[in-house]
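K.L.:
First, the structure itself, so that you have it in front of you.
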Amino acid sequence: MYRIKSSFKLNNSNIFFLLWTAYTVLYCLFNSSELVYKYTILRRFFNFGQYGISIILILNIIFLNKYNLKSMLKYLIFALLSFLMQLNSTDMSMLLLTLFVISAKGIDFKKIIKFDVILKLSMVVIIVGLCLSGFIDNYSAEINGNFKQALGFSHPNTFGALCYIILIEYTIIKLNNMKFIHFVGVGALWYFVLNISGSRTMGYTFALIYILLILYKYFPETFYKLPTKIGFIIVTPLMMVASFFAVKMYDNKISWAIQLDNILTTRLSSALKFLKLYDIKLFGQEIETISTRAANMNHTRTMILDNAYIRGTLMYGLIFMIFLCITYMMLIRYLLKNRKAEYVLFSLYFIFVGIGESYMINIIFNITMLMLIECKFERFSLTDLIKFSKK
């Protein structure tokens with residue numbers, strides 16, 4: 001008799017990609033598509049699936065990841081902090097974020113990008129295919145004067161977010177070999193997605209990052225000069241401070257803040273409502289949000305908090321957001337030191353989008369957080385930052 005040999009090996013990398021596939025499929029199909037509205041029981045499968053994935057990730061970290069005692073204790077502290085935040089919320093995204101980041105240790109990020117772009121593209125093709133075939137509805141709405149279509153997703157912004165991330169991942173993978181026709185093709189797809197989804201914040205931010213990626217291809221040294229490096233490293237805490245400052249100025253009825261609120265389609269006024277309803281806590285709390293669609297279905301008012309920095313602070317706590325800002329500073333410093341500015345620009349996409357969308361703190365969308373495991377916390381100081389920037 002012949003024995004069938006399996007090519008699948010039980011190691012950290014294979015388990016990580018298997019669970020990443022499972023979570024992405026669950027999230028896209030059972031949480032973010034029209035299937036949830038057609039078959040409401042799917043939401044339960046999504047919740048049960050999150051628990052199952054979390055348990056396997058924990059077992060994977062304990063038995064298949066090769067950490068020394070010092071590293072294991074450090075990651076245990078991170079996991080404990082996320083667990084404390086999890087106690088104040090029914091949302092499991094924080095715990096899964098932490099577990100996926102720890103499990104990503106030692107896995108080449110470019111390998112993750114190559115895998116993720118195919119996975120996300122498959123999800124978009126499947127869901128849009130189900131929509132065009134008439135199996136699920138195409139949710140469309142006129143929001144703030146813009147006509148948006150979701151093409152099978154539960155919200156047009158979800159469709160837009162996934163498409164823009166796919167385009168950025170493709171650009172990063174092919175950047176060195178991209179020619180004029182490829183740049184035009186990606187630009188045409190951007191224009192198509194922008195007009196279908198109407199996702200202006202993500203669409204315009206993509207255009208900015210896309211231009212910077214093209215400039216990086218032809219003028220790479222510009223991105224390693226002193227002013228550029230300092231700007232990249234401090235941009236995350238600046239965005240967080242700017243978010244709270246803008247809301248405070250809006251509350252004080254400063255004219256430029258009122259105009260900015262109109263540009264950002266009432267995101268400042270919405271954030272102000274939440275800051276008045278909820279106190280800022282160290283480990284976060286459960287907050288109630290009501291989407292435009294849910295509000296229309298239940299004949300109630302919307303309660304939307306799209307700013308990632310304020311949402312993260314209220315929902316996951318001040319400790320989490322300060323920690324995230326510091327780790328992104330460390331990550332960008334690490335990437336610049338290793339001359340990987342393309343990954344810095346990928347991170348900047350979510351950092352900038354965080355002003356108007358909450359995808360920055362969602363691991364399914366913001367996969368750059370998987371690189372946070374590479375940060376070196378023990379050797380970072382303001383003096384170290386200045387010395388590094390001068391190199």
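K.L.:
Which of the numbered conditions does L19 fail, given that it passes all the others? Conditions: (1) of a type in the set (A, V, I, L, M); (2) under 18 Å from S93 (Cα atoms); (3) assigned to a loop (DSSP other than H, G, I, E, B).
P.N.:
Result: L19 passes all but (3).
K.L.:
A further question on this structure: Look at L57 and say whether it is assigned to a helix (DSSP H, G or I), at pLDDT below 90, surrounded by 14 or more Cβ atoms within 10 Å (Cβ to Cβ) and among the aliphatic types (A, V, I, L, M).
P.N.:
In short, no.
K.L.:
Could I ask something else about it? Just checking: which of the helices (runs of 4 or more DSSP H) contained wholly in region 195-267 hold 1 or more residues that are of a type in the set (V, I, T) and not assigned by TED's automatic domain parsing to the domain that holds F350?
P.N.:
Working: elements: 200-218, 226-251, 255-263.
Hits in region 195-267: 200-218.
K.L.:
Here are F350, F388: which of them is buried (at least 23 other Cβ atoms within 10 Å of the Cβ), out of contact with any strand residue (DSSP E or B) (no Cβ under 8 Å at 6 or more places or on another chain) and either at pLDDT 95 or above or assigned to a helix (DSSP H, G or I) (or both)? Before you say what the answer is, go through the steps one by one.
P.N.:
Values: F388 fails: buried (at least 23 other Cβ atoms within 10 Å of the Cβ).
Result: F350 is the single residue among F350, F388 that is buried (at least 23 other Cβ atoms within 10 Å of the Cβ), out of contact with any strand residue (DSSP E or B) (no Cβ under 8 Å at 6 or more places or on another chain) and either at pLDDT 95 or above or assigned to a helix (DSSP H, G or I) (or both).
K.L.:
Collect the residues in region 19-47 that are under 21 Å from V101 (Cα atoms) and in contact with an Asp or Glu (Cβ under 9 Å, 6 or more places away or on another chain), keeping them in residue-number order. It would help to see each step written out before you state the result.
P.N.:
From region 19-47, those under 21 Å from V101 (Cα atoms) are 19-28, 46-47; that's our starting set.
Listed by number, the residues that qualify are W20, T24.
K.L.:
From T222, T201, which residue is among the polar types (S, T, N, Q) and surrounded by 16 or more Cβ atoms within 10 Å (Cβ to Cβ)? Let's see the steps before the verdict.
P.N.:
Numbers: T222 fails: surrounded by 16 or more Cβ atoms within 10 Å (Cβ to Cβ).
The unique qualifying residue is T201.
K.L.:
On to the next question. Out of all the residues in region 107-153, which are exposed (fewer than 14 other Cβ atoms within 10 Å of the Cβ), of a type in the set (G, A, S) and at pLDDT below 90?
P.N.:
G145
K.L.:
In region 278-294, is there at least one residue being more than 25 Å from S140 (Cβ to Cβ), in a helix (DSSP H, G or I) and among the aliphatic types (A, V, I, L, M)?
P.N.:
no
K.L.:
Could you please find all residues in region 291-319 being under 15 Å from D91 (Cα atoms) and not hydroxyl-bearing (S, T, Y)?
P.N.:
The first filter runs over region 291-319 and keeps only residues under 15 Å from D91 (Cα atoms), leaving 311-317.
Answer for region 291-319, where residues must be under 15 Å from D91 (Cα atoms) and not hydroxyl-bearing (S, T, Y): R311, G312, L314, M315, G317.
K.L.:
Take the conditions part of a loop (DSSP other than H, G, I, E, B), closer than 29 Å to S199 by Cβ and more than 17 Å from the chain's Cα centre (by Cα) and apply them to F147. Does it pass?
P.N.:
No; evaluated as a whole, the condition is false for this residue.
K.L.:
Which of the residues belonging to region 327-340 are more than 13 Å from I351 (Cα to Cα) and either part of a helix (DSSP H, G or I) or not charged (D, E, K, R) (or both)? Step through it out loud before you land on a result.
P.N.:
Of the residues in region 327-340, the ones more than 13 Å from I351 (Cα to Cα) are 330, 333-340.
Scanning region 327-340 gives M330, R333, Y334, L335, L336, K337, N338.
K.L.:
Identify, from the list Y170, Y139, the residue that is under 30 Å from N14 (Cα atoms), out of contact with any strand residue (DSSP E or B) (no Cβ under 6 Å at 6 or more places or on another chain) and in contact (Cβ under 8 Å) with a residue 24 or more places away in the chain.
P.N.:
Y170
K.L.:
Scan region 308-324 residue by residue and report those that are under 29 Å from L215 (Cβ atoms) and at pLDDT below 95. Let's see the steps before the verdict.
P.N.:
We begin by selecting, within region 308-324, every residue under 29 Å from L215 (Cβ atoms); these are 308-309, 324.
Residue satisfying the conditions is L324 alone.
K.L.:
Taking region 221-255, which residues are touching a residue at least 24 places away in the same chain (Cβ under 8 Å) and either at positive phi or among the charged types (D, E, K, R) (or both)? I'd like the intermediate steps shown before the answer.
P.N.:
Quick first cut of region 221-255, residues touching a residue at least 24 places away in the same chain (Cβ under 8 Å) only: 223-224, 226, 229-230, 232-237, 239-240, 242-244, 247.
Once the filter is applied, which keeps residues that are touching a residue at least 24 places away in the same chain (Cβ under 8 Å) and either at positive phi or among the charged types (D, E, K, R) (or both), region 221-255 yields only K229.
K.L.:
Considering only residues that are touching a residue at least 40 places away in the same chain (Cβ under 8 Å) and either exposed (fewer than 15 other Cβ atoms within 10 Å of the Cβ) or among the hydroxyl-bearing types (S, T, Y) (or both), which ones fall in region 267-286?
P.N.:
Across region 267-286, the qualifying residue is only E286.
K.L.:
Tell me which residues, restricted to region 287-307, are of a type in the set (D, E) and surrounded by 12 or more Cβ atoms within 10 Å (Cβ to Cβ). Show your work before the answer.
P.N.:
Within region 287-307, the first condition is being of a type in the set (D, E), and the residues that meet it are 288, 306.
D306, the sole residue that qualifies.
The values are calculated or read from the model by the stated rules, or taken from the named source; none is laboratory data. Everything quoted here is computed from the prediction, not taken from an experiment. All Cβ positions, even for glycine, are placed from backbone atoms using ideal geometry, and neighbour counts span all protein chains on display.
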